[in-house]
């Protein structure tokens, strides 16, 4: 579903991402880990077509995302770490707006809005303006917007920011469900426990290079303590 | 999709406008009063100037409309430059644009929606100014229909053309900045702009045209189009002025043809812009994002390797570093300083010999008013956004053991020092084009100096009243509703100061330099400056202490 082929991104003489190749299949939840400044956000912005790679190709559902961005984005949902929301719109208006931009008919869009709102527990807040939402409520809303059109690839940058334990559990459950329904999920996080909970495969990026890639079991071995040691070993 | 985008944008505009009025009633009433005074003042000035030029100076209808064409050209150039700056902030570096680019929408549709956004954002003041001016013009000729048709068929297409040119230039600059650096591309465009404007003004020498037209006296109301340089035909402002000439002289075919040309130019430029956006916008967006993200990535990588300790950086140094590291700030500041430099050079090189005392005093007052306008522009662009720009880092200031008074002073004092310096230098240079100018230097320098305190302070008052901690872009903050109000109030004060200067210097010029210029009342200006600074302090501190959501 997502293929990164020899992807590099340079800013002048500085290389943010170097020769990165990945392949994520439908149903997989891929955890993309790495320290600050390692190249995670650059990679994610290149996948979301917000940046153009210096070299290499990003394919979403076999479509070259930088040659045919609009076609590729039909299958993509992107949740940034600091999402943009129209403060003056209500939650429902925002979700409907996003649904319509994904080409959903009004009736389907309404059904979908109701469905995701129930799942992410934003229903009671739906008619309130977004400016009145708490940080966690905003995160729930943006996750709801991302799941609404049943994307084939979900790219999420730091999903747990602002979520309370209940919201975090909902997110994990929905991510697993989306993967079970055939979506590929690409998620960056600093929380190794989250990666352990939901990811089927992880990649670790350090100074722009992929220094580890393997199944969660290969990475974690004997538990969380080992996970942290391994992570520090790989990124120091 | 475009329909959905535009519908949502209009709804947001309505919601934000409605909320602004209901939540900040006093502020809204004050804005409406300011806008109304400004509009009425423009109306009255244009009506008076039209009467003066036609009845008193007896320049005739043709020459009057050629002066109108020149003024419209200046407006046209200002709107297009303003649109380049606002369009970059709105179409390329804005969070909403980034969000829309992650959705399956045609880039050109995003471009159109954001272009309308930036067009509405940057052209509001100019629109009020031009509409009031057209009303003043039509008021003189007692022809309301000309005003309505002129606004719809000549002025609006003219503003649209200017905005389209701004966006076209921006697209081309970004597209070519892949091959040459952004700085080089901007320099080329600036040189082209300056060259084009210089060439236009040189080809349209009003003194030569005046001499040529006067050869036909007393038939100077006739259409003397054969005297126009052919290069004029390419300027939409020329056709807009022609529309007014023909409509006023009841030549409806001529008026319709001129309106058709202005509308065709606007439509042509709009289509060209859309075609270019369709071809280049996605690429230009990537280039812009690359440039913007580059600094962030480098900084992030540097901090991962152990960044510098922020605590050691003083407030002043922090503001200075942030200013110097923001290319749009430094670039715009440099351009304004270069403009001031060119103006100063011209002042020292120019010699004005005019027979009429009224015109000599007016010329001196105009130079003085232009000095003040330069300081006001600097203040609105750089001082107004200072408080709002604290935005996302406000939590740090509010939660640290920092005296907020010190935070405020670190913003206002350097601004005042820089603008008083510029004001004093401009004031010193202003009298030099005139005969027997030495006696005017102390007066003019003192006025420039106090102007340097008054204008940034007035602008800072409104920067505090209309503070918006959610907007992070300096260009957008300085083109916001509050910035427009601060500009209008400053222009009002500038007019009052200029009329005082006119009064104080008229007798001096009438006596050919023998009259002693009275400086004994300058302390009043000092008092006004102190009051403005105090008000700026009060409102600025209030803004720094508001509850953060």
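Worth pointing out:
- Restricting segment B:2-24 to residues that are modelled with pLDDT under 70 and in contact with a helix residue (DSSP H, G or I) (Cβ under 7 Å, 6 or more places away or on another chain), the residue that is nearest to residue B:115 (Cα to Cα): B:20
- Filter pass, residue B:520 being on the phi < 0 side of the Ramachandran plot and either touching a residue at least 12 places away in the same chain (Cβ under 8 Å) or part of a helix (DSSP H, G or I) (or both): no
- Selection status of residue A:33, closer than 21 Å to residue A:139 by Cα, within 11 Å of chain B (Cβ to nearest Cβ) and over 12 Å from the mean Cα position of the chain (by Cα): no
Rundown of residues vs (1) surrounded by fewer than 19 Cβ atoms within 10 Å (Cβ to Cβ); (2) free of Cβ contacts under 8 Å to residues at least 12 places away in the same chain; (3) touching a helix residue (DSSP H, G or I) at 6+ places or on another chain (Cβ under 6 Å); (4) within 11 Å of chain B (Cβ to nearest Cβ), yes/no style:
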position: A:7; (1), (2), (3), (4): no, no, no, no
position: A:17; (1), (2), (3), (4): no, no, yes, yes
position: A:22; (1), (2), (3), (4): no, no, no, no
position: A:47; (1), (2), (3), (4): no, no, no, yes
position: A:51; (1), (2), (3), (4): no, no, yes, yes
position: A:58; (1), (2), (3), (4): no, no, yes, no
position: A:61; (1), (2), (3), (4): yes, no, no, no
position: A:95; (1), (2), (3), (4): no, no, yes, no
position: A:106; (1), (2), (3), (4): yes, yes, no, yes
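- Some residue of segment B:36-54 being within 30 Å of residue A:101 (Cβ to Cβ), surrounded by 15 or more Cβ atoms within 10 Å (Cβ to Cβ) and free of Cβ contacts under 8 Å to residues at least 40 places away in the same chain: no
Yes/no per residue for (1) within 14 Å of another protein chain (Cβ to nearest Cβ); (2) at pLDDT below 75; (3) over 19 Å from residue A:13 (Cβ atoms); (4) surrounded by 14 or more Cβ atoms within 10 Å (Cβ to Cβ):
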| residue | (1), (2), (3), (4) |
| --- | --- |
| B:284 | yes, no, yes, yes |
| B:288 | yes, no, yes, yes |
| B:299 | yes, yes, no, no |
| B:310 | no, yes, yes, no |
| B:320 | no, no, yes, yes |
| B:325 | no, yes, no, no |
| B:329 | no, no, yes, yes |
| B:333 | no, no, yes, yes |
| B:336 | no, no, yes, yes |
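- Qualifying residue in segment A:68-88 (condition: more than 10 Å from chain B (Cβ to nearest Cβ), out of contact with any strand residue (DSSP E or B) (no Cβ under 9 Å at 6 or more places or on another chain) and assigned to a helix (DSSP H, G or I)): no
- Taking segment B:480-517 as the range and being assigned to a loop (DSSP other than H, G, I, E, B) and modelled with pLDDT under 80 as the test, the residues that pass are B:511, B:512, B:513, B:514, B:515, B:516, B:517.
- Residue under evaluation residue A:127, criteria (1) in a helix (DSSP H, G or I); (2) within 22 Å of residue A:87 (Cβ to Cβ); (3) not assigned by TED's automatic domain parsing to the domain that holds residue A:65, criterion not met: (1)
Per-residue answers, yes or no, for (1) surrounded by fewer than 21 Cβ atoms within 10 Å (Cβ to Cβ); (2) within 14 Å of chain A (Cβ to nearest Cβ); (3) not in a helix (DSSP H, G or I):
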site: B:104; (1), (2), (3): yes, yes, yes
site: B:113; (1), (2), (3): no, yes, no
site: B:116; (1), (2), (3): yes, no, no
site: B:119; (1), (2), (3): no, no, no
site: B:127; (1), (2), (3): yes, no, no
site: B:132; (1), (2), (3): no, no, no
site: B:138; (1), (2), (3): no, no, no
site: B:148; (1), (2), (3): yes, no, no
site: B:151; (1), (2), (3): yes, no, no
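- Answer residue from segment A:122-143, given it is within 18 Å of the chain's Cα centre (by Cα) and more than 14 Å from chain B (Cβ to nearest Cβ) and is modelled with the lowest pLDDT among those: A:136
- Filtered residues of segment A:67-93 (kept if free of Cβ contacts under 8 Å to residues at least 12 places away in the same chain and surrounded by fewer than 19 Cβ atoms within 10 Å (Cβ to Cβ)): A:67, A:68, A:70, A:71, A:82, A:84
The values are calculated or read from the model by the stated rules, or taken from the named source; none is laboratory data. Worth saying up front: this structure is predicted, and the values here are computed from it rather than measured. Using ideal geometry, Cβ is built from the backbone for each residue, glycine included, and neighbour counts are taken over all protein chains shown.
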